[in-house]
């Protein structure tokens, strides 16, 4: 039974990450961290190139994402934190290290 719970949570985490990636694609999505803290809910940290596009005017966009996470994915009181990527990579994420060192 515990295995089912862990698998269900992992699948839900993947679905949440995919939803957030699509919702913040125009801001240069770089990654996501999700941590469940029982007394407070779920802490979600988003790493993006342009945090202002994720937050929106007066926090409207981030509030919209929070409401959608509660309603659609049953995430318990999500607390979203948006952080800027300090050194964004200039190349696409699919490039390998060997490809960049061609003589």
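In the list 8, 22, which residue meets the criterion of being within 19 Å of residue 72 (Cα to Cα) and within 13 Å of the chain's Cα centre (by Cα)? Break it down into steps so the answer makes sense when it comes.
Working: 8 fails: within 13 Å of the chain's Cα centre (by Cα).
Result of the check over 8, 22: 22.
Taking residues in the stretch 24-35 that are touching a residue at least 60 places away in the same chain (Cβ under 8 Å), and partners anywhere that are surrounded by fewer than 17 Cβ atoms within 10 Å (Cβ to Cβ) and outside any strand (DSSP E or B), the pairs with Cβ atoms closer than 9 Å and at least 6 places apart or on different chains are 28/49; 28/50; 28/53; 28/85; 28/88. If you check 84, 76 for being within 15 Å of residue 9 (Cβ to Cβ), surrounded by 12 or more Cβ atoms within 10 Å (Cβ to Cβ) and at pLDDT below 95, only one passes: 76. Confirm whether residue 27 is touching a strand residue (DSSP E or B) at 6+ places or on another chain (Cβ under 9 Å), over 17 Å from residue 79 (Cα atoms), surrounded by 15 or more Cβ atoms within 10 Å (Cβ to Cβ) and modelled with pLDDT under 95. When the stated conditions are applied, residue 27 passes them.
This table checks each residue for (1) touching a strand residue (DSSP E or B) at 6+ places or on another chain (Cβ under 9 Å); (2) buried (at least 18 other Cβ atoms within 10 Å of the Cβ); (3) not in a strand (DSSP E or B).
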| residue | (1), (2), (3) |
| --- | --- |
| 15 | no, no, yes |
| 31 | yes, no, no |
| 39 | no, no, yes |
| 54 | yes, yes, yes |
| 61 | no, yes, yes |
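The values are calculated or read from the model by the stated rules, or taken from the named source; none is laboratory data. The structure displayed is predicted, hence computed values, not measured ones. Because the Cβ atoms are built from the backbone with ideal geometry, glycine has one as well, and the counts that use them run over all protein chains shown.
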